[in-house]
1. Of the conditions (1) within 30 Å of Val41 (Cα to Cα); (2) more than 38 Å from the chain's Cα centre (by Cα), Ser97 fails just one. Which one is it?
2. Which of the residues that make up segment 59-87 are over 16 Å from Gln136 (Cβ atoms) and either among the small types (Gly, Ala, Ser) or touching a Ser or Thr at 6+ places or on another chain (Cβ under 9 Å) (or both)?
3. Among the β-branched types (Val, Ile, Thr), touching a Ser or Thr at 6+ places or on another chain (Cβ under 9 Å), touching a residue at least 40 places away in the same chain (Cβ under 8 Å) and open to solvent by 50 Å² or more (accessible area, probe 1.4 Å): does that describe Thr115?
4. Quick one: Ser193 ticks every box in (1) of a type outside the set (A, V, I, L, M, F, W, C); (2) under 30 Å from Gln51 (Cβ atoms); (3) over 26 Å from the mean Cα position of the chain (by Cα); (4) open to solvent by less than 90 Å² (accessible area, probe 1.4 Å) bar one, so which box is it?
5. Just to check your reading of the model, which residue among Val133, Val103 is touching a residue at least 24 places away in the same chain (Cβ under 8 Å), in a helix (DSSP H, G or I) and buried (at least 17 other Cβ atoms within 10 Å of the Cβ)?
6. Ser71 is checked against (1) small (Gly, Ala, Ser); (2) in a strand (DSSP E or B); (3) more than 43 Å from the chain's Cα centre (by Cα) and fails just one. What number does that condition carry?
7. Of all residues in segment 38-68 being among the hydroxyl-bearing types (Ser, Thr, Tyr) and in a strand (DSSP E or B), which is surrounded by the fewest Cβ atoms within 10 Å (Cβ to Cβ)?
8. Could you check segment 153-172 and list, in sequence order, the residues that are open to solvent by 80 Å² or more (accessible area, probe 1.4 Å) and at pLDDT below 80?
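The values are calculated or read from the model by the stated rules, or taken from the named source; none is laboratory data. Note that the structure is a prediction, hence the values are computed from the model and not measured. Heads up, the Cβs are rebuilt from the backbone with ideal geometry, glycines too, and the neighbour counts pull from every protein chain shown. We work out accessible area using only protein heavy atoms, side chains counted, and drop any ligands, DNA or RNA first. Shrake-Rupley method; radii C 1.70, N 1.55, O 1.52, S 1.80 Å.
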Amino acid sequence: MVFCCIVCVRTKRVAIVEDLGKYNKLLDAGCHFVAWPLQSVAGSLSLRIQQLDVICETKTKDNVFVQCQVSVQYRVIEEEAFNAYYRLSDPRGQIQSYVFDVVRSSVPRMELDQTFASKQEIADDVKNKLEQVMYQYGYEIVAALVTDLAPDSKVKASMNEINASKRLKEAASHKAEADKVQQVKAAEADAESRYLSGLGVARQRKAIVQGLQESVEAFSQEVEGASTKDVMDILLLTQYFDMLSAVGANSLIVEHDPSTVASLQKQVGQSFLDSSRKAKKGFM
């Protein structure tokens, strides 16, 4: 006796129908009739994209063990559902084996730093290898991603210390350069300050000399019988008293002798004479 049974296949799935144990056809999404017990639904496959996360431990070229996590995204090709169902019993185990093979043949050719920089290259190798193999079994490899590279915790700590030391070295170098610039600028400012101070002192002395010259000429013209020497003696005496007043304001005790003015005048005159003689000898 044969019964007509209704079979409902959900969206994004495909069902496999067998006639007395032999493959007959595929059923897509929707409602279907099956002549039971001559026909039966042997199983179904999902057409949605699936993901398999594979964690593989391997060694780099510089002998550092790392754990590499690869995520493979794959799906069943609807037209090849027969091969996917009958030719492969454990697709996830098959994919995992090929991921191990590719990762353990690619990473040992790279040093640790290069491995981190070549994640896309490793992912492309995994995808190309899986595409070549899994297509004949009715599977499409959508993407392969290297999602994590984790060396040993001690290696991580060493890498962090190296990076921190490098940053500290760069910071010390920048600080030294900043101190150098600051010292150079301070020296330049001090030199400029001394230069301007010297110009101020020179202008001050020039103004004093011009004032003394004008005072001597005016005094000689207004006072009859007064010579230039007499006027200079008076000016020197005035300057001497001004000096004593300034020194006394600082609570210093200075020995005073009226003959000091005459001695000072004599010394100044002698210095002018010596300078004049040296200049004449130089011309000769």
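1. Unmet for Ser97, out of (1) within 30 Å of Val41 (Cα to Cα); (2) more than 38 Å from the chain's Cα centre (by Cα): (1).
2. Residues satisfying the conditions are Thr60, Lys61, Val64, Phe65, Val66, Gln67, Cys68, Gln69, Val70, Ser71.
3. Working: among the β-branched types (Val, Ile, Thr): yes; touching a Ser or Thr at 6+ places or on another chain (Cβ under 9 Å): yes; touching a residue at least 40 places away in the same chain (Cβ under 8 Å): yes; open to solvent by 50 Å² or more (accessible area, probe 1.4 Å): no.
So Thr115 does not fit the description; no.
4. (2) is the only condition that Ser193 fails.
5. Numbers: Val133 fails: buried (at least 17 other Cβ atoms within 10 Å of the Cβ).
None of the others qualify; the one that does is Val103.
6. It is condition (3) that Ser71 fails.
7. At the first step, the residues of segment 38-68 found to be among the hydroxyl-bearing types (Ser, Thr, Tyr) are 40, 44, 46, 58, 60.
Filter again for in a strand (DSSP E or B), leaving 40, 44, 46, 58.
Details: Ser40: 18, Ser44: 17, Ser46: 12, Thr58: 17.
Among residues in segment 38-68 that are among the hydroxyl-bearing types (Ser, Thr, Tyr) and in a strand (DSSP E or B), the one surrounded by the fewest Cβ atoms within 10 Å (Cβ to Cβ) is Ser46.
8. Scanning segment 153-172 gives Ser153, Lys154, Lys156, Asn160, Glu161, Ile162, Lys166, Arg167, Leu168.
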